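Peer 1: Have a look at this one before I ask anything.
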Amino acid sequence: MAGIEPALPAPTHTAESATAPAPADPPPEARSAAVHDRLAGWISDLTALHDLTERLARTQSLEAALQELLRAGASLVGARRGLVVLEPRDGRGPDTTIGLGLGQADIGHIETVPRRALSFGRILDGLPEPDGAGRGLRERPEAHPDGGQADPAPPDGAPSDSSGCVACGRGDIAQPDIPGEPGLDPRLREVAARLGYAASYAVPLDADQVGRFGAAVWLYDEPAEPAERQRHLIGLYLGYATAHLARLLELHRQRQTVATLREELLPSRLPRVPGVRLAVRHGAGPLGGGDWYDALPLPDGALGLAVGSVTGSGPGAVAAMGRLRASLRAYAVMEGEDPVAVLSDLELLLRLTEPARSATALFAFAEAPPAGPGGPGGSGGLGGPGGSNGPGTPGAVPGAYGTYGPGNATAARRIVLAGAGHCPPLIIGDRRTEYVETSLSAPLGMLACWEAPSVELAPTPGETLLLYSDGLLRRTGDPMDRAFARLHSAAAGVPRAARHDPEALVDHLLHTLLPDGIDDAESPEDVVLLAAYFE
């Protein structure tokens, strides 16, 4: 880090004749104080760089890292605003612009200026700097009056420019006086005056892994440019920052690929079924998991609803999820009225084609509503989840087959469902909010032959059947029994008006359970909520 402190004051020389005696050397105390001051400056700079790089290292998403780059660069070069333009030369994207202290309208104004007139535009396009328009790094380092150089030679193998700046020989461009500098495009002056900046300093973003992938520019409110020391510091910082950004860029691309693949394998839209309104919310983890859902119309006006989860993450899990979902759709069309048969066929397929994986699944077959009153409806209320699927609740109805619903149900649908190691669904209505007790069952692929009893229920008009993945519960950070209780409490607290709007209902549940939102780049858990409101 030698040379990042300003030059020391020059010793005083007299203008006497050549025969005059040479000036006396400064006393040892003065030399010691000067060395002490320089060391203190180096330590201060090292501490600042250490803190800034640590903050950058803690970022885990590309957008967060770019924002941190802008903030750190602004503090190093003494600017207040800036923007970073991401435009990888390999053409694989993403292409985006992020601002610091600039709104979208401000960025839009800057983008109206021809790229060749902008310092960062010239960097992105690889154009040489026009004569008289701005200045790059100085050709030679300033020499200290004591005979030393401002910057030492870089270590072996480290990139360097002619200024001696380690890792910053990267063609930066300074425009220190935009209003008064000759040769600049009039549109640049007009936009700069409108936005209230008078100078800019731009640096390219390069990394060995991806080449040049963008440029960052900081804007000054008054004519100014970074000093040699500031350029040196920003160069040292960029030496680490660009490598970190390149890693996050590759990770971002992988996540986008997995997300695109996943979206293509899930339903593009929910079907329209008479008497039913559907809503779904889905959020994938950063690596792409195997949670999925489906809703498909079946013969005779019936409806099939399914949620499931495949073990693992990444493209392999997403591909396995797609195969499993496609197979379930085929089995549901052939024998959907028997959910046990559907899951049994799915289990056999999983063992034959994916022997190293297991999966959970829940499939519900909703018959078309009866033509008139007097539809099926049994006595007794819904019990809480039992067995391994959730905490038991007093009032659970035992038995292999159960019929749930109020005795005075009119025009109720009959729903038959079966689950394989999956979380029990919820019935949400004005008069009840209760878990449906599904039979204790292992996940698919974990037993030599899977089979479990099905359960029947009859939701009355105005009630909602909620299917969800265990990622919703795990994202809360609570133990599973407490997470089940929190979900039940959130469902019971849905406002009355939202109970008859499945879109508002699922939004209320997500806002209550996951106040930070369904998309969390730091959580590996997928989240699925599928709500069916019966009119």
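The values are calculated or read from the model by the stated rules, or taken from the named source; none is laboratory data. Owing to the predicted nature of the structure, the values given are computational and were not obtained by experimental measurement. Note that each Cβ is placed from the backbone with ideal geometry, even for glycine, and that neighbours are counted across all protein chains shown. These accessible areas exclude ligands, DNA and RNA; they are computed on the full protein's heavy atoms, side chains included. Shrake-Rupley method; radii C 1.70, N 1.55, O 1.52, S 1.80 Å.
Peer 1: Only residues of segment 318-333 count here: report those whose backbone N is under 17 Å from the spot 7 Å along Cα→Cβ of LEU265, or say none.
Peer 2: Taking a point 7 Å out along Cα→Cβ of LEU265, the residues of segment 318-333 whose backbone N falls under 17 Å are 318-330.
Peer 1: Per residue, how much accessible area does segment 271-331 show when a 1.4 Å probe rolls over the protein heavy atoms, in square angstrom? Working shown, then result.
Peer 2: Numbers: 2070 Å² over 61 residues.
Using a 1.4 Å probe on heavy atoms only, each residue of segment 271-331 averages 34 Å².
Peer 1: Now for a different question. Among ALA356, PRO271, ALA259, which residue has its Cα furthest toward the positive end of the charge dipole of segment 223-364, with +1 on Lys/Arg Cβ and -1 on Asp/Glu Cβ?
Peer 2: ALA259
Peer 1: How much length, in nm to one decimal, is gained on full extension between ASP430 and ASP125, taken as 0.36 nm per residue of separation minus their Cα-Cα distance?
Peer 2: Once the chain is fully extended between ASP430 and ASP125, it gains 103.6 nm.
Peer 1: Sticking with this one: Can you give me the C-alpha center-to-center distance between segment 262-308 and segment 68-116, rounded to a whole angstrom?
Peer 2: If we compute the Cα centre of each part, the gap is 39 Å.
Peer 1: Let me ask something additional. Put +1 on the Cβ of every Lys and Arg and -1 on every Asp and Glu Cβ in segment 18-123; which of ALA40, ALA105, ALA74 then has its Cα farthest towards the positive end of the dipole?
Peer 2: ALA105
Peer 1: Okay, next question. Of PRO524, VAL494, THR512, which is farthest along the charge dipole of segment 477-535 in the positive direction, counting Lys and Arg as +1 and Asp and Glu as -1 at C-beta?
Peer 2: Comparing the listed Cα positions along the dipole, VAL494 ranks first.
Peer 1: Using a 1.4 angstrom probe on heavy atoms only, work out the carbon and sulfur share of the accessible area of segment 189-269 in %.
Peer 2: 50 percent
Peer 1: Take the Cβ-Cβ distance between ARG482 and TYR240 as r, set R0 to 51 Å, and report the resulting FRET efficiency rounded to the nearest 0.05.
Peer 2: Computed FRET efficiency for ARG482 and TYR240: 0.75.
Peer 1: Ranking request for peptides 289-297, 345-353: highest mean number of other beta-carbon atoms within 10 Å first, then the rest in descending order.
Peer 2: Listed from highest to lowest mean packing, they are 289-297, 345-353.
Peer 1: Stretch ALA33-ARG115 to full length: gain in nm at 0.36 nm per residue minus the Cα-Cα span? Walk me through the numbers on the way to the answer.
Peer 2: Details: separation 82, 0.36 × 82 = 29.52 nm, distance 4.94 nm.
Between ALA33 and ARG115, full extension yields 24.6 nm more.
Peer 1: A follow-up question, please. On full extension of the chain, what length is gained from ASP300 through ARG80, given 0.36 nm per residue of separation minus the C-alpha to C-alpha distance? Walk me through the numbers on the way to the answer.
Peer 2: Working: separation 220, 0.36 × 220 = 79.20 nm, distance 6.56 nm.
Once the chain is fully extended between ASP300 and ARG80, it gains 72.6 nm.
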